[in-house]
Structure formats: structure tokens, C-alpha cells
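J.: The structure's right below; bear with me while I get my questions together.
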């Protein structure tokens, strides 16, 4: 079953925080294992199992990990009762897992004869049971929400579809197989569900096949849908274009820049941030935005604004095929400075200078002087010729 299918199963069957996977059924298994999972979202996961016959098991250790490659595996010794029941609690406050993550878990048993037995693996989905989720299918998108009507979910699905078209038109983004979109009604609920920073309003988790967005009700909701959903979708698509390792090698300015230009409703604060930087000269060098963005709000805003504008400039100057090639070049492990030289033929500081010139504000006087410059030069040449003629005439006068 695909990730979103497990999410649907989680909503339907784990509604009260209880999951009961199918029991291990290997005919030659020395012990029958009947697992069960109970959890309180954000607090703890309680793994339970019953081993039959109970007198065969002297020790039980549980192993569990998120359902993606290279994920950390957790383990712990279970409390084993004489009747063959065992339990182990994972503290989600100390070691949180994001909402809607699929977890694999299995048991390693020490038997009375000294041998060990490892059970088959089981799965369950850690659903955010604080809310009653509704679902809408709009393949390849699957929308989950808990506040608002079906029209709200349709807006999200439409924004995702339009964002996909935008990304493919701008930088040849791939077509995803399946994407789950979880819409929270406020940023705080989203942040607590995923353990995000206090300013975060969206997050893409390509490994989980999911996007998470905070879309509070209000007059700005539609604009935020058209901004946040395509933005997070772009990160998801970049991940699948570049691969897991390659995605993490993308310069942050390029990653966020492509996500920003994919937005259907641009952030209105970007223009003001760029104008202020142009007037004061307080730019952030793009070479400083290769690995991370500033932590402060004003610095982060300018970093996003510069990345969006610079990426838009590169797209206009070089085209989508070249930008697609730039992403793939970085995905191969090329450095931030080297990538633009290899693909675009110019160093990053020179490209930044050209971009800044392209967006520098011009006063009406400077624009008028620019338009009149050829005529002023001609007038200067004519004037110089007349003065030279007059001087020569005076010199030759007896």
C-alpha cells in the first residue's frame, strides 16, 4: 500500500490512537507473536505484544524505525510478564516523530533454550489524532484537512495542480506519482506536529511523500494556498529530481529560489525587501546563501527575496533547460560556486552584479538622462566643432 493509503488507513483505523497489525503467521515460527500499538499523539507510543506459548520467551527486545532508507533504528528491552504479555513505551516528547509517519517495528526474542527468534516486521501510521481529518482525492494529490468545507480542499488540490504545471513550465520538474497534502488550521498546530521552528508555515517531507501547510481561515487564506502549496510542492519535486543525496547538495538560494518562483501568488514583502537593499546597499552575498539562510526574521526575508529574484533572473536569461541542467549538476555533488561556472559560464559574484543592475531602481531624472544621452553627446560634438572653428578663425585673423 502506498504512503497515502496508509494515511487513509491510519485515519480510519487508528482514530483512537490504536493500531492492530496482522499477527506473524510463519508456520515454522517457534513463538506466535500478537502485536498491538497504542499511542497518544505528542506524548508516547506504547508497544505491546503477546507471545505464545509464554514460557518459551525469557527476553523480548523491540526494534522500530521510520519507513525510509537509512533511518535511525530505535530499540529497547520490553517489560515481560509471566503470561507472555510484554510492553515498551517510547516517549514522543523526548524523541518525537512527525505526524503521519509510517513506522516499522519487529521483535527479537530470547527463548528458553538459549536460541533467538526475530519476528516479521509490522507497520503502523502515527496519525495526528488531535483532529478529525477529512480526505479528498485529486490524483496525484490527496488532500487531508479538518477545518473548512470541500471547497477549501478543492482550492488546495487546484493550487497543487497549477503549481505542478508552473514548475514543469519553468524548470522541467518531474511528475509525481502520489503526494499527500496535510492542511493545518493554524501554524502552531503544524509546528507542534512536526517539531518546526516558530515561524514555519509549511514543510515538505519527500521521504514521507507529504506536504504540510498551515492555512488559517481569513481573507488571506486563498492567497496563502496559492503561495504555500506550490512552494512546498516545488521542494518535493526538486527532491525527486535530484535524489536524496543530490537534493541536500543544492545551494539553498537555488532550492528556495525555484520554490519561490513556482508560487502562484508571490510574497508581497519581497519587493520591499529588495528595494530597501538596493537603496542602502545592504545586500546578502549569494555566496553566503549556499548552505543556509539567516536565522533572524529580516535577514531570512531578504535571503528569500534575493533568491527568488535572482532565480527568476537566471530563468529569464538562460531558460528552463539550462536551469534544469544546473539542478542536475549540483545533484552530482558539484560545489555552490563551481556549479554556476560549469553550467552558466560565469562566477556567482559576477552573476549577482548583473542581476543587481537589472533590478536597480532608476529615478525619473536618471531615466530621462539615459534617454537623452545620445542627443547630448551629439550636441557636445557639434558644440565642440563650432568652438574649434571659431577658435581657428580667430587664430587666422590678421
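J.: Can you give the extra length, in nm with one decimal, that the chain gains between residue 165 and residue 44 once fully stretched, where that is 0.36 nm per residue apart less the Cα-Cα distance?
T.: 39.5 nm
J.: Next question. Contour minus end-to-end for residue 320 and residue 59, with contour as 0.36 nm per residue of separation and end-to-end as the Cα-Cα distance? Don't skip to the end; give the middle numbers.
T.: On the way: separation 261, 0.36 × 261 = 93.96 nm, distance 5.91 nm.
Stretched fully, the residue 320-residue 59 segment lengthens by 88.0 nm.
J.: I need 252, 245 ordered by Cβ neighbour count within 10 Å, fewest first.
T.: Values: 252 18, 245 10.
Ascending number of Cβ neighbours within 10 Å: 245, 252.
J.: Taking the Cβ-Cβ separation of residue 298 and residue 158 as r and a Förster radius of 30 Å, what is the calculated FRET efficiency to the nearest 0.05? Don't skip to the answer; put the middle values down first.
T.: Numbers: r = 33 Å, r/R0 = 1.11.
Computed FRET efficiency for residue 298 and residue 158 comes out at 0.35.
J.: Roughly how many Å is it from the Cα centre of the stretch 137-184 to that of the stretch 192-233, as a whole number?
T.: Measuring centre to centre over Cα atoms gives 12 Å.
J.: Given N residues in the stretch 309-365, what is its alpha carbon radius of gyration divided by 2.2 N^0.38 Å? Display every interim value, and only then the final one.
T.: Numbers: Rg = 13.0 Å, N = 57, 2.2 N^0.38 = 10.2 Å.
For the stretch 309-365, the normalised Cα radius of gyration comes out at 1.27.
J.: Starting from the 7 Å offset along Cα-to-Cβ, what nm value, one decimal, do you get for the label separation of residue 197 and residue 354?
T.: 3.1 nm
J.: Related question: Work out how much length residue 288 to residue 77 would gain on full extension: take 0.36 nm times their residue separation and subtract the Cα-Cα distance, in nm to one decimal.
T.: 71.3 nm
J.: So, one more: Return the distance in nm (one decimal) between the two label points of a simple spin-label model at residue 342 and residue 188, each offset 7 Å from Cα along Cα→Cβ.
T.: The answer from the label model is 4.7 nm.
J.: Given labels modelled 7 Å from the Cα in the Cβ direction, how far is it in nm from residue 89 to residue 248?
T.: Inter-label distance under the simple model: 3.3 nm.
J.: Now, a different point. Taking the number of other C-beta atoms within 10 Å as the exposure measure, put 228, 274 in order starting with the fewest.
T.: Details: 228 24, 274 20.
Exposure proxy ranking, most exposed first: 274, 228.
J.: Follow-up question, since we're still on this one. In which sequence would 186, 158 go, from the one with the fewest C-beta neighbours within 10 Å to the one with the most? Walk me through the numbers on the way to the answer.
T.: Values: 186 13, 158 16.
Least crowded to most crowded, the residues run 186, 158.
Quick note: the coordinates plus some simple rules give every number you see, no bench work behind them. Fair warning: this is a prediction, and the values are worked out from it, not measured in the lab. Backbone-built Cβ (ideal geometry, glycine too); neighbour counts: all protein chains shown.
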